[in-house]
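Just so it is clear, none of the values below were taken in a lab; they were calculated from the coordinates. Not measured: the values here are computed from a predicted model. FYI the Cβ positions are ideal-geometry reconstructions off the backbone, even for glycines, and counts take in every protein chain you see.
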Amino acid sequence: MRRALVIMLSAAALLSGCSGGKVLRGDNPFRIIPQPLHVTEAPGCFRITSGTPLWVDDTLFLRTAGMLNGRLEKAAGWSLPIAEEFPQTGGIYFMMVDGFGPEEYNLRVQPGRIMIESGDGAGAFYAVQTLLQMAPVEIFSDIPQRVRAWEIPCADINDKPRFKYRGMHLDCCLHFFDIDFLKKYIDIMALHKVNRFHWHLTEDQGWRLEIKKYPILTEKGQWRRETVIGSLSSGIYDGTPYGGFYTQEQVRELVEYAAERHVTIIPEIEMPGHALAAISCFPELSCGLEDHYETATRWGVFRQVFCPKEETFKFLEDVIDEVVELFPSEVIHIGGDECPKTSWKQCPHCQALIRKEGLKDEFELQSWFIQRMEKYINAKGRQIIGWDEILQGGLAPNAKVMSWLGEEGGIKAARQHHEVVMAPYPKYYLDYWQADPDSEPLAMGGPTTLRTMYEYEPVPEVLTPQEQEYIIGVEGCVWTEYMPTPARVEYMAWPRMCAIAESGWYGGEKDWDGFTRRLEHHLGRLDRLGVGYCDAFFNPFIELHKDTPADKVVTVSVDAPDAEIRYTLDGSAPTEASHLYEKPFVINRQQVVTAAAFRDGKQIGQTKHKTF
Ligand SMILES: [Zn+2]
């Protein structure tokens, strides 16, 4: 009986679809990023054709079904009919099933049907992301292919996330990025099952969020007079005013766009430091020690910070009132990082406040500041998250911590039973070099390679199992000092963010070789989506491992799998017959190391050279 049903289903599948064009074959169900938790391959495949009906048993799934259709329409010029009655065979079925956890799904591809089961909309959405990655890479094309059928290999996938918080940050203050780019950014996040967009909106160098009560914040505060060229201490400026901001209408549009992709936007309003753009509009909110307050024109940390006086709290509370109206997120990021205490130490008001409140020092004053704002935000039904420094002087009672100063802040907060997101510098800092700084564009520091990011384990071993439960997730940080354009953001973020996304989603053992094999295929998807990722993946990375007069040891590595490195020491271009790199070697200062990666006798990637 069961076998008969399978035969019937197979026949139906073969009969469906007949328009012109080729059949594009997805060949490997194991090339998904982030890796699904459980994958079982099965023989055969399912062909998606223009006749394949879509069935949703809950209207909650309609949007995701619509997005699947949107992708098919773009890639092939046709989409699937939404069935009004339950199709007995041959369809793609979205089913609401009890007993699934948040974001969990089951995806079963059989010769006669595709079954997607989940307990919520996010689970179904992630099943579709997986399904698309089981299809041929051409399904990510925006140029319609002449395709009659998309062939999906049969498999049974049960999948759920390791962490509930899987974040990607973007600083839109040091440089400004328009809404269209942010939508693309969120699309690519969602493809990788990343579900939190941390939107950095206020800074010393510009205020980017329209606040109706204080229009000057964007009229004036969006602008800086000019911008430093090169590193923060270069002393050379471009002489060109720089600005940009988001209207509340744009914000609402982006929040909705993200929500449709199961991405929650977490806005960041910096306090008490990194506030110079706001203070340039309202100098009375500072400690008043300077003659002149102006939006910063270079990068770094500035002593001009919010003074904890009543009018400052009134201002911040007014801002928060509008922020909570705009962003439904349960969590509001209040910054809290890098607040120098220079001004507070000299300010009579701050010193009187420290005495009045019985505080020990300026660090406790900072804690008092954050706790007061937390109370206000909690009363609005929201929680706060802040960078490590909110631990200084005592953590606010309900605060979550985003651990960026290495792991220590995260460890300390978890031990105090506060929720923690691991975003440690430099391991998860995408503004650091990913390849040889000598041949890469200017970056913050490093290098922090793809492999370093992949291998970082976000749950510190020193925590007890109970404390480890407080690590709720991971986040990749994209600070944009040296990313003036969308293209540079994509170059720095991808493919390293693939590694962070996998650490956030996949709860199994790390497997670098397996990851690189999947990633190489995945790059084909990013190509079609127009993501300008860094291609250092295929290039040898030549490093001086040990530089002492006695040892000049060179190491060469390449991320691409199944590649061998060939090198020369006389400046000539390596061929497949040159020295094979097998282990670190010693050179002298006159020698030039020139290396390239080869696979099956053919060079992949660029030739790299280095002198010491
Ligand atoms: Zn003050």
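Which loop-located GluC sites (Glu not before Pro) does the range 422-516 contain, where loop means any DSSP state but H, G, I, E or B and the Cβ has at most 15 other Cβ atoms within 10 Å?
Here the GluC sites (Glu not before Pro) that fit, given the DSSP loop and packing criteria, are E461, E469, E509.
Mean separation of Cα pairs under 8 Å and 6+ residues apart, divided by the residue count of the range 409-493: what relative contact order is that in percent?
Answer for the range 409-493 is 39 percent.
Using a ≥ b ≥ c from the Cα gyration tensor of the range 2-159 (square roots of the eigenvalues), is it rounded, prolate or oblate, where a/c under 1.5 gives rounded and otherwise the larger of a/b and b/c decides, a/b for prolate?
Verdict is rounded for the range 2-159.
Given H placed on each backbone N at 1.01 Å, which residues far from V147 in sequence or on other chains put an amide H within less than 5 Å of it?
K22
Can you give the Rg and Dmax of the chain based on its C-alpha atoms, in angstrom?
26.6, 87
If the only charges are +1 at each Lys and Arg Cβ and -1 at each Asp and Glu Cβ, what is the size of the charge dipole of the chain around the Cα centre, to the nearest 20 debye?
The calculation lands at about 1080 debye.
By how many nm would the segment from V23 to D57 grow when fully extended, if each residue of separation counts as 0.36 nm and the alpha-carbon distance is taken off?
Here the segment from V23 to D57 would lengthen by 9.3 nm.
So what's the back-of-envelope 222 nm ellipticity for the chain, counting only DSSP H runs of four-plus at -39500 (n - 2.57) apiece and dividing by all residues, rounded to 500?
So the helix-based figure for the chain works out to -9000 deg cm²/dmol.
Positive end of the charge dipole of the range 539-611 (Lys, Arg +1 and Asp, Glu -1 on Cβ, about the Cα centre): tell me which of V586, S557, N539 has its Cα farthest that way.
Working it through, the farthest residue towards the positive pole turns out to be V586.
Would the range 165-509 count as rounded, prolate or oblate if I go by the C-alpha gyration tensor, calling it rounded below 1.5 in a/c and otherwise prolate when a/b exceeds b/c, oblate otherwise?
Judged from the Cα gyration tensor, the range 165-509 comes out rounded (a/c under 1.5).
Using +1 at the C-beta of Lys and Arg and -1 at the C-beta of Asp and Glu, which of T516, G393, G406 has the Cα lying farthest in the positive direction of the dipole of the range 375-516?
G393
Compute the length gained on full extension between I82 and K345: take 0.36 nm times their separation in residues and subtract their Cα-Cα distance, giving the result in nm to one decimal.
Result for the pair: 88.1 nm of gain on full extension.
The range 358-414 to the range 273-343: how many Å between their Cα centroids?
The distance from the Cα centre of the range 358-414 to that of the range 273-343 comes to 16 Å.
How large is ³J(HN,Hα), in whole Hz, for each residue of the range 491-505 in order, when computed from phi with the Karplus curve 6.51 cos²θ - 1.76 cosθ + 1.60 and θ = phi - 60°, using x for Gly and Pro?
Result, ordered by residue: 4, 7, 7, 10, x, 4, 5, 4, 5, 5, 4, 5, 5, x, 9 Hz.
With a cut-off of at most 13 other beta carbons within 10 Å, and DSSP calling the residue loop, which GluC sites (Glu not before Pro) in the range 77-135 qualify? Please list them.
Those that pass, being in a loop and sparsely packed, are E84, E85.
For A487 and L544, what is the calculated FRET efficiency with R₀ set at 30 Å and r taken between the beta-carbons, to the nearest 0.05?
0.45
What shape does the range 122-180 have by the C-alpha gyration tensor, where a ≥ b ≥ c are the square roots of the eigenvalues, rounded means a/c under 1.5, and otherwise prolate means a/b greater than b/c and oblate the rest?
Here the range 122-180 falls in the oblate category.
Based on the Cβ-Cβ distance from S557 to E509, what FRET efficiency comes out when R0 is 25 Å, to the nearest 0.05?
It comes to 0.70.
Could you state the angle between the C-alpha long axis of helix 512-528 and the longest principal axis of the C-alpha atoms of the chain, as a value from 0 to 90 degrees rounded to the nearest 10?
90 degrees
If we count other beta carbons within 10 Å of each Cβ, what is the order of V324, V319, V194, fewest first?
V324, V319, V194
Name the residues whose placed amide hydrogens come within less than 5 Å of the amide hydrogen of W223, ignoring near sequence neighbours (fewer than 5 apart) on the same chain.
Residues meeting the amide H criterion: W207.
Can you give me the three principal axis dimensions of the range 244-387 from its C-alpha atoms, in Å, biggest first?
Reported extents, whole Å, longest axis first: 49, 34, 23.
Hey, rough spin-label estimate for E461 and I229, points 7 angstrom out along Cα→Cβ, what's it come to in nanometres?
My value for the distance between the label points is 4.9 nm.
Can you give me the angle between helix 121-134 and the longest principal axis of the chain, using Cα atoms only, in degrees from 0 to 90, rounded to the nearest 10?
It is inclined by approximately 60 degrees.
Nearest 5 percent is fine: what portion of the DSSP beta bridges confined to the chain is antiparallel?
Once the DSSP bridges in the chain are tallied, antiparallel ones form about 50 percent.
In the range 165-509, if the dipole is taken from +1 on Lys/Arg beta carbons and -1 on Asp/Glu beta carbons about the Cα centre, which of M497, T218, S231 is farthest to the positive end?
Value: T218.
How much length would be gained if the chain were fully extended between E249 and Q590, taking 0.36 nm per residue of separation minus their Cα-Cα distance, in nm to one decimal?
Full extension of this stretch gives 116.7 nm more.
For the range 304-380, which GluC sites (Glu not before Pro) are both in a DSSP coil and crowded by at most 12 other Cβ atoms within 10 Å?
E330, E357
Only bridges with both residues in the range 2-159 count here: give the DSSP antiparallel percent, nearest 5.
Within the range 2-159, antiparallel bridges account for around 60 percent of the total.
Taking just the alpha carbons, could you work out the radius of gyration and Dmax for the range 539-611, both in angstroms?
Reported Rg and Dmax, both Å: 11.7, 38.
Could you list M271, M115 so that the one with the fewest beta carbons within 10 Å of its beta carbon is first and the one with the most is last?
Listing M271, M115 from fewest to most nearby Cβ atoms yields M115, M271.
Using the 2.2 N^0.38 Å rule of thumb for compact globular proteins, work out how the range 96-213 stacks up: its C-alpha Rg over that value, please.
Scaled against compact globular proteins, the figure is 1.37.
With 31 Å as the limit, write out which pairs from K212/K360; K183/K427; K184/K602; K164/K184; K184/K341 have Cα-Cα distances beyond it, or answer none.
Long pairs (Cα-Cα over 31 Å): K212/K360; K184/K602; K184/K341.
Just to verify a number: FRET efficiency for R372 and D156, C-beta to C-beta distance, R0 = 51 Å, to 0.05?
Once rounded, the FRET efficiency stands at 0.45.
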